[in-house]
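Participant: The structure is given below, and queries will be raised subsequently.
The values are calculated or read from the model by the stated rules, or taken from the named source; none is laboratory data. What you see is a predicted model; the values in this text were computed from it and never measured. Neighbour counts run over all protein chains shown; Cβ positions are idealised from the backbone, glycine included. The protein model used for the area step is the full one, side chains on, heavy atoms only, and it has no ligands, DNA or RNA in it. Shrake-Rupley method; radii C 1.70, N 1.55, O 1.52, S 1.80 Å.
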Amino acid sequence: MVIIICWCFILLLGIASTFLFCLRQWIRNKKKKLQSQSDNKWNVGLFHPYCNAGGGGERVLWCAVRALQNKYDKIKIVIYTGDIDATPSSILQKAKNVFNITLEAEQITFVYLKQRQWVEARKYPHFTLLGQSLGSIVLGLEAICKFPPDIFIDTMGYAYTFPIFRYLAGSRIGCYVHYPLISTDMLRKVQYRQSSFNNKAYVARNPFLTWIKLTYYRLLSRAYKWVSCCSETIMVNSTWTENHIVELLNVPLKTHRVYPPCEIEHLKKLEHIENNDEIIIVSVGQFRPEKNHPLQLQVLYELRTLLAKDEALWNRIKLVIVGSCRHEEDYERLHNMEDLAKHLSLENSVEFKVNVSYDDLLNIYKQAIIGLHTMWNEHFGIGIVECMAAGIIMIAHKSGGPLFDIIETSEGSQNGFLATDAVEYAASILNIIINPAETNRNIRNAARSSVERFSEKEFNNQFLRAISPLFV
C-alpha cells in the first residue's frame, strides 16, 4: 500500500510538473509574440484589480502610470483590473474627476479579469487572509494568460502573484506595499488576546483558538516572506510599513520608502470660506472596516457631552463624512453608519457624502475647519496630508503613519493633534474650537509647510528611482 501511494504521488508530481512546463512555454511564446507585434520596448503590467475604486491606493496607481508615461517613450501600460462593468474611458475619466490626473489613453490597455471574486473578503468568512492569498493566485493566472508583461508591478499588495509572473513569464517584478499582509502588530494583538476587527472576540477569549490563529498567522508570514522575495524592488508607503516589511522579510536593501502622492500644490492655495453658522468637521476615507468610522460618531457623541451647557455651540457643529464605496459590503457599512447616527441621535449633526467628485471635495475642504481620521495604525494617510495642505487642522490616531511621518505635536512645531480614543478626540476638537485664532493659524501654517515632502513631484522622483533597475 505504501509503495502504491508513493507511485501515485510521483505520478501526480510528474503530471503537475509537465503541466507547469507546458504552461510556461505557452506563456513565454505568447509574450514573444506580443513583443514582436508591437513597436514598444517595454510592456509594463500594473496589477490593480480595484483600479476604479477612487481611494488613496488608486491615486498611487494613476500617478505611477503618469510618471511612467512621462519618463519612457516606447512603453505600453497594461492595467489588470476586475472592474468589468467599467469602460476604459470611464475609468480614465474617473481618474481625472477624482484625482485631477490626465493620462495618455492610447498608451494604456486594460486587461479585464473575470475572477476577481476570488480575492474578495466576503467569500472567506474564516481564514480570510489565506483565502484571499490563494484567490490572488487564481487571479494572477488569469492575468498572465491574457497578457504576460515584460515588467510586472503590483500596486495592491497581492504578493502571491509574484512567483507566477517571475517563473512562468520571466517578468521583472516590482511592488508598492501599502501595508504588509501580516504585521507584527497583528501578531501581538492575537498573542495578547486583544479583540479587533480582524481578531474576533470569541477567538480572543479562547486560549486554544488563539494558539491556532497565532500558528496560522506565523505560517502565513513565512509564506509571505518567500513570495515577496520574488520582487526585485519593494516600495513602501511609510516608516511604519517599512519597519514591518524589513522585520518580516529581512530585505532592507530592497526597500525604498516612497511616500504616496498627495495633491498638495492646488490645495495649499485654497482659501477658507468663512461660515459663522457652522463649524464643519470633515472625515475623508473609504468605507472600509479598518477606517473605524463608528469611532467618529462616538467622538461626536462625546463632544456633545462636553458641550452640554452650550447648546448654541453644539448646534453649529456638523460632521461631514466623505468616502467611496467599492462594492456591496461597503454600502452595507455605510447604511450601518447611518443607523448608528440615528441611534445616537446625531442624524442632524452628521452628513454622509459618497463617491464625490474632486470639485465637490474641494468645496468641502474650503468650508471645513477640523479634520478627523480614526484608523488605528493607518499605513500612511493621504487624506490626512491633503486636509493639512488645505488648511484643515487634523486630529488623527496616535499610531502608524500619522504618528511616525505626518503629524508633529511638539510645542513650537505643532501641525496637528493625535488621539487614541473618543474622549481624547472630543477634547482635541474642543481645544481647536476654543483656541485663540492666532494659535490655530500657526498650526495651519506649520501643517501646510510640512506636507511638501508628500507632493506628487516627490513621489514621481522616488518612484522612478526605485523601479529604474527593472528597466535595465
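Participant: Given the criteria closer than 27 Å to Met235 by Cα, out of contact with any helix residue (DSSP H, G or I) (no Cβ under 6 Å at 6 or more places or on another chain) and buried (at least 16 other Cβ atoms within 10 Å of the Cβ), does Pro149 qualify?
Facilitator: yes
Participant: Looking at (1) more than 29 Å from Trp240 (Cβ to Cβ); (2) within 17 Å of the chain's Cα centre (by Cα); (3) not polar (S, T, N, Q), which one does Glu338 not meet, given that it meets all the others?
Facilitator: For Glu338, the exception is condition (2).
Participant: Could you list all residues from region 353-388 that are among the hydrophobic types (A, V, I, L, M, F, W, C), touching an Asp or Glu at 6+ places or on another chain (Cβ under 8 Å) and either open to solvent by less than 20 Å² (accessible area, probe 1.4 Å) or modelled with pLDDT of 95 or more (or both)?
Facilitator: Met375, Phe380, Ile384
Participant: Which one is nearest to Phe110 (Cα to Cα), of the residues in region 64-91 that are part of a helix (DSSP H, G or I) and open to solvent by less than 30 Å² (accessible area, probe 1.4 Å)?
Facilitator: Ile91
Participant: Can you tell me which residue is farthest from the chain's Cα centre (by Cα) among those in region 208-236 that are over 16 Å from Ala159 (Cα atoms) and open to solvent by less than 40 Å² (accessible area, probe 1.4 Å)?
Facilitator: Within region 208-236, the match that is farthest from the chain's Cα centre (by Cα) is Thr210.
Participant: Which of the residues that make up region 266-282 are closer than 20 Å to Val451 by Cβ, touching a residue at least 24 places away in the same chain (Cβ under 8 Å) and either surrounded by fewer than 23 Cβ atoms within 10 Å (Cβ to Cβ) or not assigned by the TED database to the domain that holds Ile317 (or both)?
Facilitator: His266, Leu267, Lys268, Leu270, Glu271, His272
Participant: Which of the residues that make up region 237-263 are part of a helix (DSSP H, G or I) and either among the aliphatic types (A, V, I, L, M) or under 16 Å from Asp154 (Cβ atoms) (or both)?
Facilitator: Within region 237-263, Thr241, Ile245, Val246, Leu248, Leu249 meet the criteria.
Participant: Filter region 152-187 down to the residues that are among the charged types (D, E, K, R), in contact with a helix residue (DSSP H, G or I) (Cβ under 9 Å, 6 or more places away or on another chain) and surrounded by 17 or more Cβ atoms within 10 Å (Cβ to Cβ) and list them by number.
Facilitator: Correct list: Asp154, Arg172.
Participant: Continuing with the same structure: Which residue out of Ser449, Ser413, Ser428 is within 24 Å of His266 (Cβ to Cβ) and either open to solvent by 10 Å² or more (accessible area, probe 1.4 Å) or aromatic (Phe, Trp, Tyr) (or both)?
Facilitator: Of the residues listed, the single one that is within 24 Å of His266 (Cβ to Cβ) and either open to solvent by 10 Å² or more (accessible area, probe 1.4 Å) or aromatic (Phe, Trp, Tyr) (or both) is Ser449.
Participant: Of the numbered conditions (1) touching a residue at least 40 places away in the same chain (Cβ under 8 Å); (2) under 28 Å from Leu307 (Cβ atoms), Ser324 satisfies every one except a single condition; which is it?
Facilitator: Checking Ser324 against (1) touching a residue at least 40 places away in the same chain (Cβ under 8 Å); (2) under 28 Å from Leu307 (Cβ atoms), the one that fails is (2).
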